[in-house]
1. Report, by residue number, each residue of the range B:105-125 that is more than 11 Å from the chain's Cα centre (by Cα) and either part of a helix (DSSP H, G or I) or among the basic types (Lys, Arg) (or both).
2. Do we find that A:Arg42 is at pLDDT 95 or above, away from DNA strand D (no atom under 16 Å from the Cβ) and not assigned by TED's automatic domain parsing to the domain that holds A:Met122 in this structure?
3. Sort out which residues of the range A:1-19 are surrounded by 12 or more Cβ atoms within 10 Å (Cβ to Cβ) and more than 11 Å from DNA strand C (Cβ to nearest atom), and write them in order of number.
4. Just one of the numbered conditions (1) at the interface with another protein chain (Cβ under 10 Å from one of its Cβ atoms); (2) more than 14 Å from the chain's Cα centre (by Cα); (3) of a type outside the set (D, E, K, R) is not true of B:Pro165; which one?
5. Of these, B:Leu87, B:Leu119, which one is modelled with pLDDT of 95 or more, surrounded by 16 or more Cβ atoms within 10 Å (Cβ to Cβ), within 9 Å of another protein chain (Cβ to nearest Cβ) and closer than 17 Å to B:Val152 by Cα?
6. For A:Leu154, indicate whether it is closer than 29 Å to B:Val138 by Cβ and surrounded by fewer than 24 Cβ atoms within 10 Å (Cβ to Cβ).
7. Looking at A:Arg136, A:Arg155, A:Arg188, which is the one that is more than 22 Å from A:Leu119 (Cα to Cα) and touching a residue at least 24 places away in the same chain (Cβ under 8 Å)?
8. Looking only at the range B:157-188, count how many residues are over 19 Å from B:Glu81 (Cβ atoms) and surrounded by fewer than 19 Cβ atoms within 10 Å (Cβ to Cβ).
Number of protein chains: 2
Amino acid sequence: MARWQEGAAGRLQAAALRLYAERGYEQTTVADIASEAGVTARTFFRHYADKREVLFAGSERLRDGMLAALEAAPATATPMEAVAAALDASTVFLGRDHEHSRLRMSVIFANAELLERELIKMASIAAAMAEGLRRRGVPARDASLAAETGTVVLRVAFEQWVAGPPDGSLPDLMRATLVRLTEVTAAR
Amino acid sequence: MARWQEGAAGRLQAAALRLYAERGYEQTTVADIASEAGVTARTFFRHYADKREVLFAGSERLRDGMLAALEAAPATATPMEAVAAALDASTVFLGRDHEHSRLRMSVIFANAELLERELIKMASIAAAMAEGLRRRGVPARDASLAAETGTVVLRVAFEQWVAGPPDGSLPDLMRATLVRLTEVTAAR
DNA sequence: GTATTCGATGTCATCAAGTGACATCACTGG
DNA sequence: CCAGTGATGTCACTTGATGACATCGAATAC
């Protein structure tokens, strides 16, 4: 157990978000963040692999939660139904703190490097879901299409939720967006 | 006009791909690439913004070509039909050199940083297509869904083509993948 | 033909990201 | 009270990336 000053990781996270929002990502050095959190730069890198990762900690839990929901779907479910279950599960992690999400997203969208990281996190979620679907016997191409399409719905719905009122329902938006997707793709 | 040694940009590109493939992206320094191309590291950064970008030069042309095709689609076309036209156009740029594409993709998939860049290039294409659709009067959410879905089809089809035989038809794969997507999303 | 101009490159200095090696300090268990 | 453990600090170093300035070769003007 640590007894120096509890919660260095959390302090670094909060300091990073604040500084990135205040003066921009590129104008903030790791040394700034660390000193703001009362530690040294070396300690920053012991908690987070790089300067971007500090905004993305915990995304493994989101991925695992979605994967568990996908795997818990009934064997009779179609690929998209299993993905829909995962999307429902995601709202538990994502739909928690509207204001925090709004600030975090505004920081991420303001910088290409951070957006890159966001995208690869989504891609890793898609890859995990695709593999989960393949384990259920879904053909590889169908699995990729369903999983990637799912993350499209997730992104679009989440962005709408973040841009909307603080009391909006992310689960409702998620479901409505999924329905809308089927309509848009069907229209040919 | 430059008269020192024509084509420094091209030499840097070729050297980078070769070295990244031979010894890996992280094991290759910019100095290595530059000296291989007969220039200095400083010159590398005059041609490419960073160490990754050297593998992604020309992606603006792909984006512009797809956007032009999307805008050239008849006004009566549905959003997905316009996106389909853009996908068709993309094959002209992407389906050219199978072996080069295979090598490039193997390098990109071997490194998370390069994959990040690949993803953001796709995202910028999606954003451009979504904006093009909105200019056609498509509601914002539908535009995002159609455009992002389009890049999903593009990725899945392209990966299949790269993994397949050298004489495979990318346009055929692209169209078949799009059809398959509508089937997968419709099955609920 | 020579001078001038301009663009591409080289050189140098510097900062920031990231990493490895090792010391240190506070607490914990015996 | 002491050894051990884990988190942190310190130091040195590599590499990516950028700004400032010098230089060199070719095209063009004269």
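The values are calculated or read from the model by the stated rules, or taken from the named source; none is laboratory data. What you see is a predicted model, and the numbers here were worked out from it, not measured in a lab. As a convention, Cβ positions derive from the backbone with ideal geometry for all residues, glycine included, and neighbour counts pool all protein chains shown.
1. Across the range B:105-125, the qualifying residues are B:Ser106, B:Val107, B:Ile108, B:Phe109, B:Ala112, B:Glu113, B:Leu114, B:Leu115, B:Glu116.
2. no
3. A:Ala8, A:Ala9, A:Gly10, A:Arg11, A:Leu12, A:Gln13, A:Ala14, A:Ala15, A:Leu17, A:Arg18
4. All conditions pass for B:Pro165, except number (1).
5. On the way: B:Leu87 fails: within 9 Å of another protein chain (Cβ to nearest Cβ).
Only one candidate qualifies: B:Leu119.
6. Judged against the criteria, A:Leu154 is not a match.
7. Selected residue: A:Arg136, the only one of A:Arg136, A:Arg155, A:Arg188 that is more than 22 Å from A:Leu119 (Cα to Cα) and touching a residue at least 24 places away in the same chain (Cβ under 8 Å).
8. Going through the range B:157-188 one residue at a time, the tally reaches 11.
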